[in-house]
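Have a look at the structure below before the remarks.
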Amino acid sequence: MSLAIAPAADLYAAALASTNEPGGARHWYARYEGGPRRSLGEALRRWCGTADPTDQDLLDRAPGAVLDAGCGPGRLVIELARQGREAAGVDTSRVAVRLARTAGATALCRSIFDPVPGEGRWDSVLLADGNIGIGGDPVALLARCRAIVGPAGRVLVELDPPGTGLRADRVRLERGSQQGSWFDWAHVGVDAVAEPAARAGLRVEETWERAGRSFAALGRAS
């Protein structure tokens with residue numbers, strides 16, 4: 001059997017589109033280099049769905065103007081727009097950004113490490129859906145988020161369960177014979193976030209768990 005290698009962005013776009021097909025999302029997996037393959041079906045359905053009560057609880061803890069880093073198809077910024085709140089999403093996927101914009105959200109197609117409007121003045125930055133893993137370096141990502149929020153701002157992160165620890169991985173998307181290119185990703189357990197947060201100039205203000213998902217709110221340490 002021949003294998004089709006595709007850029008990660010192209011396969012991600014295909015994965016998002018598959019949620020419109022009956023049962024399409026269940027055929028997608030994340031392959032860890034030298035490790036397991038994990039189903040993405042449930043995650044894809046959540047990303048492409050609407051904000052649920054657990055999401056709303058997260059948004060309720062995000063004060064003021066909110067920047068959603070790695071917003072994907074935009075369920076959180078769509079919900080914030082519906083509430084009349086000031087919010088924008090940032091994502092490197094053109095397809096995801098287009099979906100978010102079509103649904104009425106403000107979204108920018110760029111990396112969170114690129115310049116964003118209002119740097120240093122945002123009240124909240126979201127790293128939902130495990131997006132603390134972006135780039136495979138949580139310290140660098142959290143330091144970037146610290147630079148984006150104002151002095152009293154918060155960085156709200158969705159984390160892995162207790163006991164996960166802190167690890168960097170190489171991951172690719174897979175569906176059948178299709179394989180995406182490898183990209184860097186990190187995992188941070190809710191009980192392990194204090195150390196990378198401190199190195200980024202942030203402190204843990206609170207942690208919580210709801211519906212099997214783990215979160216932390218981080219504030220500037222100084």
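The values are calculated or read from the model by the stated rules, or taken from the named source; none is laboratory data. Just so it is clear, the model here is predicted, and its values are computed rather than measured. Reconstructed Cβ throughout: ideal geometry from the backbone, glycine too, with neighbour counts over all protein chains shown. Remember, those area values only see protein heavy atoms, side chains included, never the ligands or the DNA or RNA. Shrake-Rupley method; radii C 1.70, N 1.55, O 1.52, S 1.80 Å.
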key: Options Ala168, Ala192, Ala186; residue that is in contact (Cβ under 8 Å) with a residue 24 or more places away in the chain, under 16 Å from Asn131 (Cα atoms), assigned to a loop (DSSP other than H, G, I, E, B) and not hydroxyl-bearing (Ser, Thr, Tyr)   = Ala192
ask   = Can we say Leu142 is within 25 Å of Arg213 (Cβ to Cβ), open to solvent by less than 20 Å² (accessible area, probe 1.4 Å), of a type in the set (A, V, I, L, M, F, W, C) and touching a residue at least 12 places away in the same chain (Cβ under 8 Å)?
value = yes
request  = For residues that are touching a helix residue (DSSP H, G or I) at 6+ places or on another chain (Cβ under 6 Å) and either β-branched (Val, Ile, Thr) or open to solvent by 40 Å² or more (accessible area, probe 1.4 Å) (or both), tally how many sit in the stretch 83-105.
outcome  = 3
note = Selection from the stretch 114-128 of residues closer than 29 Å to Glu33 by Cβ and surrounded by fewer than 20 Cβ atoms within 10 Å (Cβ to Cβ) yields Asp114
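Between Gly201, Gly150, Gly189, which is open to solvent by less than 30 Å² (accessible area, probe 1.4 Å) and under 19 Å from Ala87 (Cβ atoms)? If you could, list the steps in order and put the result at the bottom.
Details: Gly201 fails: under 19 Å from Ala87 (Cβ atoms); Gly189 fails: under 19 Å from Ala87 (Cβ atoms).
Just one listed residue meets the conditions, Gly150.
If the requirement is being surrounded by 17 or more Cβ atoms within 10 Å (Cβ to Cβ) and of a type in the set (Ser, Thr, Tyr), which of these qualifies: Ser111, Ser39, Ser18? Don't jump to the end; show me each part of the working.
Numbers: Ser111 fails: surrounded by 17 or more Cβ atoms within 10 Å (Cβ to Cβ); Ser39 fails: surrounded by 17 or more Cβ atoms within 10 Å (Cβ to Cβ).
Of Ser111, Ser39, Ser18, the one residue that is surrounded by 17 or more Cβ atoms within 10 Å (Cβ to Cβ) and of a type in the set (Ser, Thr, Tyr) is Ser18.
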task = Go over the candidates Gly35, Gly120 one by one and state the one that is assigned to a loop (DSSP other than H, G, I, E, B), within 20 Å of His187 (Cα to Cα), over 15 Å from the mean Cα position of the chain (by Cα) and in contact (Cβ under 8 Å) with a residue 24 or more places away in the chain.
result = Gly35
inquiry  = For the list (1) assigned to a helix (DSSP H, G or I); (2) free of Cβ contacts under 8 Å to residues at least 12 places away in the same chain, I need the number of the one condition that Pro115 fails.
reply    = (1)
